[in-house]
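Engineer: Structure below; questions to follow.
The values are calculated or read from the model by the stated rules, or taken from the named source; none is laboratory data. What you see is a predicted model, and the numbers here were worked out from it, not measured in a lab. FYI the Cβ positions are ideal-geometry reconstructions off the backbone, even for glycines, and counts take in every protein chain you see.
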Amino acid sequence: MQVGHSRGQAGQGRVVMKPLLSNWTIVLAGRWNMEILNPEWVTNSIFGREKVDIDLVLQGMQANIRYRFDNLVFVPRPHNVVFSVNDTKDSSLLAIEEAAGRLLEALPVTPITALGINFTYIEENPTTELLTVFNIDDASRIADYGMKIRSARVRRELDFEDRQLNMMVSQIEDGSVRIALNYHLAVDETQVALSALAGRLVHYRQHGEAFLSAIYGLEIEGPADE
């Protein structure tokens, strides 16, 4: 028995998923010196520009500074820094890769613990074929017991190249399906992180979309650069 219901139909071609751009990110985990990562230093050292849009983002009780320039977004926090994009173009992915590289080069003694490259997609009308991912053995027994599964997640940890690919497939309460890909690598030096980052974003975006196409018959909305 599958979780939820399908609003699409199997056999009607490939499913087109939408990118969830807020989760297209580079995350550098470590201990970051927020006194160094002040607006003047960030705008000059990372963006190389004097004029950058700066605002505050509230997360619970904590306010974080967010920097925006063109299609690049940067949010520094003491435990990690996050770079993200506003569109799916390869040029935007290269821009945040280069910005993250400039940060690592400028602060070579920062204690780094992990590098994550992330892509998330959402399908609002999943086919029955896609929903079979959630056909878990105990689902029918839970239903027979009189309980309804509101949402479900299936997580897989896969070996890929020199790192771990964490894939989370989630069915949300509204019936949509979200797939998150996290290319994770534990690192202990900025130089190692820099080497592990160079040339990876477009490559991993292409790998992830080819993987989702081959395994689940998915296509992704939005072209890369021509």
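Engineer: Can you name the number of the only condition in (1) loosely packed, with under 13 Cβ neighbours inside 10 Å; (2) free of Cβ contacts under 8 Å to residues at least 12 places away in the same chain that ARG31 fails?
Structural biologist: Of the numbered conditions (1) loosely packed, with under 13 Cβ neighbours inside 10 Å; (2) free of Cβ contacts under 8 Å to residues at least 12 places away in the same chain, the odd one out for ARG31 is (2).
Engineer: Is it true that some residue in the range 12-30 is within 30 Å of ILE142 (Cα to Cα), of a type in the set (Lys, Arg) and either at pLDDT 95 or above or assigned to a loop (DSSP other than H, G, I, E, B) (or both)?
Structural biologist: no
Residue-wise test of (1) within 20 Å of ALA198 (Cβ to Cβ); (2) modelled with pLDDT of 90 or more.
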position: ARG49; (1), (2): no, no
position: GLN62; (1), (2): no, no
position: ILE65; (1), (2): no, yes
position: VAL75; (1), (2): no, yes
position: VAL85; (1), (2): yes, yes
position: LYS89; (1), (2): yes, yes
position: ALA99; (1), (2): yes, yes
position: PRO108; (1), (2): yes, yes
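Engineer: Which of the numbered conditions does TYR204 fail, given that it passes all the others? Conditions: (1) closer than 20 Å to LEU20 by Cβ; (2) touching a helix residue (DSSP H, G or I) at 6+ places or on another chain (Cβ under 8 Å).
Structural biologist: Every condition holds for TYR204 apart from (2).
Engineer: Checking the condition among the acidic types (Asp, Glu) and either over 18 Å from the mean Cα position of the chain (by Cα) or at pLDDT below 85 (or both), which residue from GLU123, GLU129, GLU157 passes?
Structural biologist: GLU129
Engineer: Name the pairs: first residue in the range 69-80 and buried (at least 18 other Cβ atoms within 10 Å of the Cβ), second residue of a type in the set (Ser, Thr, Tyr) and at pLDDT 95 or above, Cβ to Cβ under 7 Å, at least 6 apart or on different chains?
Structural biologist: Within 7 Å, the pairs are VAL73/SER84.
Engineer: Does ALA214 satisfy being of a type in the set (A, V, I, L, M, F, W, C), over 17 Å from the mean Cα position of the chain (by Cα), surrounded by fewer than 16 Cβ atoms within 10 Å (Cβ to Cβ) and modelled with pLDDT of 85 or more?
Structural biologist: In short, yes.
Engineer: Looking at GLY199, GLY217, can you tell me which residue is closer than 27 Å to VAL133 by Cα and small (Gly, Ala, Ser)?
Structural biologist: The match here is GLY217.
Engineer: Would you list the strands (runs of 3 or more DSSP E) that sit entirely within the range 149-198 and hold 1 or more residues that are closer than 14 Å to ALA29 by Cα?
Structural biologist: 177-186
Engineer: Check VAL133, VAL42, VAL57, VAL109 and return the single one that is of a type outside the set (Phe, Trp, Tyr) and either in a strand (DSSP E or B) or in contact with a Cys (Cβ under 9 Å, 6 or more places away or on another chain) (or both).
Structural biologist: VAL57
Engineer: Just to verify a result, which residue in the range 81-105, among those that are small (Gly, Ala, Ser) and free of Cβ contacts under 8 Å to residues at least 40 places away in the same chain, is surrounded by the most Cβ atoms within 10 Å (Cβ to Cβ)?
Structural biologist: SER92
Engineer: Only one residue in MET147, MET167 is among the aliphatic types (A, V, I, L, M), farther than 30 Å from LEU115 by Cβ and free of Cβ contacts under 8 Å to residues at least 60 places away in the same chain. Which one?
Structural biologist: Criteria check complete, one pass: MET147.
Engineer: Also: Just checking, does the range 138-148 include any residue being among the β-branched types (Val, Ile, Thr) and at pLDDT 95 or above?
Structural biologist: Within the range 138-148, not a single residue is among the β-branched types (Val, Ile, Thr) and at pLDDT 95 or above.
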